[in-house]
Every structure is written in C-alpha cells, then in structure tokens.
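Reviewing the structure listed below.
The values are calculated or read from the model by the stated rules, or taken from the named source; none is laboratory data. Treat the numbers as computed from the prediction; the structure is a model and nothing was measured. Because the Cβ atoms are built from the backbone with ideal geometry, glycine has one as well, and the counts that use them run over all protein chains shown.
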Amino acid sequence: MEELSKKGEAAKMWQSIVQTGDFRKKMEDILPQELEIQAAVGANGFTAGRGGKEKLWWASVELTAWKEEGGEMHRENRSLSTLADDRLLKHLRDTVKSDSLIRCRVRPAKNGKYLYMTGPAQEGDDPELQMILQEQLRDVIMDVEGLGRFVLERTVGWFETKKDWLGTEINLTFDQDEEEVMESAIETARTLMEEQKGWDRRIREYAADQLLELANEWAESTAEEEETEFSGEDGQLVSREQFMERMELESIQAGEGGDFEFWFYDGDMFYGHSIHVTGNVEDGPDWAGMEG
C-alpha cells in the first residue's frame, strides 16, 4: 500500500507540471513519440537552473549509455532533462542516484541533444547496461613520469594527484580531454612543479597587487562593525607581506598551452572565500579574484 501511495504522489507531481504553460511551450521543442528506455546514470545526480522570471526548474542528469526496450545500445553521453517545480526536483534527486540504472519514459528533443523525461524513474535491470555501469565505476589511473599517479575524479572530469608544494600538500589537476591536450597540460604542470619557489612568490605578489585594497576594505568594515580600533602599517590593517603570507595554496590546475589556475584559501581575509589566480607559464599571472 505504501509503495502504491508513493507512485500516486509521484504521478501527481508530474501531472502538475503538464498543466503549466511552460510545459506546453517546451513541448514545441520535443518530438511526439514516447519511448521507454533503460539507462546508466553518470557520476552526478540531477542539477537544475532557471532564469529570473521562470517558475520551473530545467532539471538535467547525464546518462552515459541508454537503450530502448529491445533496441540498440547508445554509448554516448546524453542529457536526460525535464521541467520541475521544487517538489518534483527533490523527488528527482531522491530517486535518480549517481552511478545507477534507471527505467523511465522519454520523448527525444527535436535537436537530438537531450531526452525529455515524461514520468517517474524506476530501478533498471538491463544486464548489458549493468556491465557498462560496472565498467564506469572502475578507477581510471594515469601514471605520469615525474609527477606520479593521477586518478580521474569523475564528478568534475579531471585527473588529480597529491603533491608537495614548498612543504604543503596540494591537489594538482588537469582536465580529462584528448591525449594531445592532456600532454600539453602535463607539460604545464611539470614547468610549475620544477620552479615552485619562483612561481609561488610571483603568484602571491600578483594576487596582493590586485586584491590588497579590497582585503583592507573588508578588514576596515569588520573593524567598524566590531567597534575595534583601526591600526596597521601605513593606515592598512593588512600589509602586502601579510596578505601574501596568509594565502594558503590548496590546488593548481594545469591547462593546455601553458595556462594555469592557482586556488588559495584566503586566510579569512575575505571571510573564507577562495583566492583564484590565472595565467600562463610564458607570460605569468594575468588575473586574480575572490570567489566562492
């Protein structure tokens, strides 16, 4: 009885979406034929977004493989998407888990870029998809000469390893991509790791030049709110050297063609936000900001 009740509630949630104008408008982009499919879900669950005036979420999850009942297997990434209100979005996140098999009804988009989900998902049981799921759950490892062993972090799509950077353990990463692109990113990583002291100083100096004024504005605001006395060198609560010392390196992302991104913990200068510095090994850092 409880299972029937849950199915009935799920059906009501889907029916409430069908009755909206947003749904009718979206159907202009969807083919009329409905398919029953089984699919393997990727490393992440449902994500969602909407514009400022939109009432419904556009919710999507990545499928790594899918097939119609009795049909051929499709081994390419494809989005499974649907319109959802807050309640249906929670239901989707509760019932469609990452790295799982599902069965559901869909209608293909006219542009072929996604499948529109038309009703609740159930657990899948296709043996061929089960083998694909087991395959995608295996660790993908890349041994890189001079840098060590990188493991693919599937949820973010990059290879990652732990490395020592001037006595601090950091994450060193590069994106999963075509072999030539990854080889270029690896060369970027080698360049940075071989000259740690020089790059560390250069990145910190650039970040201080770009963000020190903002850090002191935040510090002044805090001092005023807490009604503490304003003190510091040259009228500053945070000096240039203090700014550089308080930055704590967390990760480096190496990119193609010498591009790089350094991510630092801010030492509470921006209430726990990250300090992000980008640049290139040929030209040096070119942008710094506070994020997160």
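Worth pointing out:
- Considering the conditions (1) crowded, with 17+ Cβ neighbours inside 10 Å; (2) closer than 30 Å to Arg75 by Cβ, Asn216 is excluded by exactly one of them, (2).
For every residue, the table says whether it meets (1) assigned by TED's automatic domain parsing to the domain that holds Phe159; (2) over 14 Å from Leu214 (Cα atoms); (3) in contact (Cβ under 8 Å) with a residue 24 or more places away in the chain.
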| site | (1), (2), (3) |
| --- | --- |
| Glu245 | yes, yes, no |
| Ile252 | yes, yes, yes |
| Asp266 | yes, no, yes |
| Gly279 | yes, yes, yes |
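- Within region 141-156, tally of residues that are farther than 17 Å from Ser251 by Cα and either part of a strand (DSSP E or B) or not assigned by TED's automatic domain parsing to the domain that holds Ser251 (or both): 4
- Residues that are more than 19 Å from Leu129 (Cβ to Cβ) and in contact with a strand residue (DSSP E or B) (Cβ under 9 Å, 6 or more places away or on another chain) within region 22-45 comprise Asp22, Phe23, Lys26, Met27, Asp29, Ile30, Leu31, Pro32, Gln33, Glu34, listed in sequence order.
- Of the residues making up region 64-77, just one is surrounded by 21 or more Cβ atoms within 10 Å (Cβ to Cβ) and either modelled with pLDDT under 95 or under 30 Å from Thr20 (Cβ atoms) (or both), namely Trp66.
- Checked against (1) part of a helix (DSSP H, G or I); (2) loosely packed, with under 15 Cβ neighbours inside 10 Å, Lys53 passes all but condition (1).
- Of the candidates Glu183, Glu179, Glu128, the single residue that is surrounded by fewer than 17 Cβ atoms within 10 Å (Cβ to Cβ) and under 30 Å from Glu69 (Cα atoms) is Glu128.
- Close pairs from region 46-58: first touching a residue at least 40 places away in the same chain (Cβ under 8 Å), partner of a type in the set (Phe, Trp, Tyr) and in a loop (DSSP other than H, G, I, E, B), Cβ under 7 Å, at least 6 apart: none
- Selected residue [under 23 Å from Glu28 (Cβ atoms), in contact with a strand residue (DSSP E or B) (Cβ under 8 Å, 6 or more places away or on another chain) and in contact (Cβ under 8 Å) with a residue 12 or more places away in the chain] from Ser79, Ser98: Ser79
- Within region 82-123, considering residues that are crowded, with 20+ Cβ neighbours inside 10 Å and either charged (D, E, K, R) or in a loop (DSSP other than H, G, I, E, B) (or both), the one nearest to the chain's Cα centre (by Cα): Val96
- Looking only at region 264-292, and only at residues there that are modelled with pLDDT of 95 or more and acidic (Asp, Glu), the one that is farthest from Glu187 (Cα to Cα): Asp286
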